[in-house]
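So the structure is just underneath, and the comments pick up after that.
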Amino acid sequence: MKWRTRGRPPFGMCVAIPLVFPFASLLFRLRYRHVERVPARGPVLLVANHVSLLDPIACARMVFDAGRLPHFLAKESLFKGLIGTLLRSAGQIPVARYSADAHSALDAAKADLDAGNVIVIYPEGSVTRDPDWWPMQSRTGVARLALTTDAVVLPVAQWGPQRVHDYHRKKFHLRFRAPADYLVGEPVDLSAARARVRAGDPLSAALLRETTDLIMTRVRDQLAELRQEPAPLTFHPRPRRELPGDVSGSAA
């Protein structure tokens, strides 16, 4: 593959790429719309809905196919032993959710964006609890990253990985080449809000919530386009506590 990124991929990524490519191809028949919207260079904050524990595999393949190397925010408990070493080497970022250390993950993600990399974030923090798989209310860490960096903020809707792993029923459906669709939207224009923050306006709870909902509304509307169904007008409530299996995508 001809990478559009500068330099040689780190060791962990060199290990991950030959594993993710065939595994993603075996599980999913990936179909992309507007993947060319992923910039060839520079910081990108890719914001996606979360429908399955397998989302990072399919989404990583999409980012690979766009010529970039994805860095995910993932649950800290994954970063143990050899696997943890490889994840860190590949540029993945551990999140100590529901703790005072959660913001350190956002600091690391911001530094990664400032270095010109691609951060993939699932602002819902876990697989959606909406019974019809629409996005649930998201954490506001995504807005903090979007407003304090120069990253291109790309809303991405995904639909299909839940057919292989159904989180709601805790079932794995052994099937190969299940359709998995991705729609990369136009960048979210946050120039006005960013200018206010740089002029000294605080990152208030209201501003963070407004920005988060703006981005996730774009994701939700794109999901409606993929599904060819009308989207709900509100976000499903987020669970009050972490449940077993919540392993990826925390927005802190």
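The values are calculated or read from the model by the stated rules, or taken from the named source; none is laboratory data. It should be emphasised that the depicted structure is a prediction, and the values quoted were computed from it without experimental measurement. Note that we place each Cβ from the backbone using ideal geometry, even for glycine, and neighbour counts take in every protein chain shown. The protein model used for the area step is the full one, side chains on, heavy atoms only, and it has no ligands, DNA or RNA in it. Shrake-Rupley method; radii C 1.70, N 1.55, O 1.52, S 1.80 Å.
A dipole drawn for the chain from +1 and -1 charges on Cβ atoms has a positive end, and of Pro239, Gly125, Tyr32 the residue lying farthest that way is Tyr32. Ellipticity at 222 nm from helices only: DSSP H runs of n ≥ 4 in the chain, each -39500 (n - 2.57), divided by the residue count, give -11000 deg cm²/dmol. For the chain, with the dipole built from +1 on Lys and Arg beta-carbon atoms and -1 on Asp and Glu ones, taken about the Cα centre, which of Ala115, Ala192, Ala60 lies farthest toward the positive end? Towards the positive end, the residue furthest out is Ala60.
Computed with a 1.4 Å probe over protein heavy atoms only, the accessible area of Asp150 comes to about 110 Å².
Leaving out ligands, DNA and RNA, and with a 1.4 Å probe, what % of the accessible surface on the chain is carbon or sulfur? Answer for the chain is 56 percent, counting heavy atoms of protein chains only. Shown is the FRET efficiency for Arg209 and Asp107, computed with R0 = 25 Å from the Cβ-Cβ distance and rounded to the nearest 0.05: 0.75.
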